[in-house]
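Every number here is computed from the coordinates shown, using simple stated rules; none is lab data. As the structure is a prediction and not an experimental result, all values here were calculated from the model. Quick reminder, even Gly has a Cβ in these numbers, built from the backbone with ideal geometry, and neighbours come from all protein chains shown.
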Amino acid sequence: MKNYNTPTIETERLILRRFTENDIEALFAIYSDEEVNTYLPWLPLNSLEETKEFFKEKYSEAYKQERGYQYAICLKTDNTPIGYIKVDTGENHDLGYGLRKEFWHKGIVTEASKAIVEQVKKDGFLYITATHDIKNPRSGEVMKKIGMSYKYSFEEQWQPKDILVTFRMYQLNFDGQDDRVYKEYWDKYAVRFIERDV
């Protein structure tokens, strides 16, 4: 597997690149909005100072690693971050994303997701996974649009928000082994099940 850390990717409308220290205000706009952060695994940021610390902990440290995929989603028109997309390098290869709400419903996350999927596939990943709250079905639609398929659901007491969430887990295998299913969440959580007609 090649060693990369967030190589810049361009699509028809987007530049996917690293966040930098010059993006603090844009990061704050993404991570401070309560509606945007409803289904994201952290609490909304409250200040630019808090955002600077968040950038250091989440992005600066990640970019020091040998390999990683922690992207700012930017429109080509101004190269300013309007969202984020990432794939974890751990065993789950989890795909995650968030976007400022004024850019919702324009196919931006789908476009970014297709590009990052091609990148990790090229870099030797055998699969990716993704999960979404069942109360957020639009996120599941993005997963389907990029070729992922539903595998199972599970309940988790989600931190740091400390709320009970039912997640759906999707997976996309790149090597033709369509029967491969990432089972960590299934094995970890007591309440797990397979829904019909997802």
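Under 14 Å Cα to Cα from Lys144, which aspartates and glutamates show up? Leave out anything in the same chain fewer than 8 places away.
Partners within reach: Glu111, Asp197.
Once both labels are modelled 7 Å past Cα along the beta-carbon direction, what's the Asp197-Glu10 spacing in nm?
Each label point lies 7 Å from its Cα, and together they span 4.6 nm.
In nm, to one decimal, how far is the modelled label at Tyr39 from the one at Lys122, with both set 7 Å along Cα→Cβ?
For Tyr39 paired with Lys122, the spin-label model returns 2.9 nm.
Put a dot 7 Å past each Cα toward the Cβ at Asn136 and Leu48; how far apart are the dots in nm?
2.8 nm
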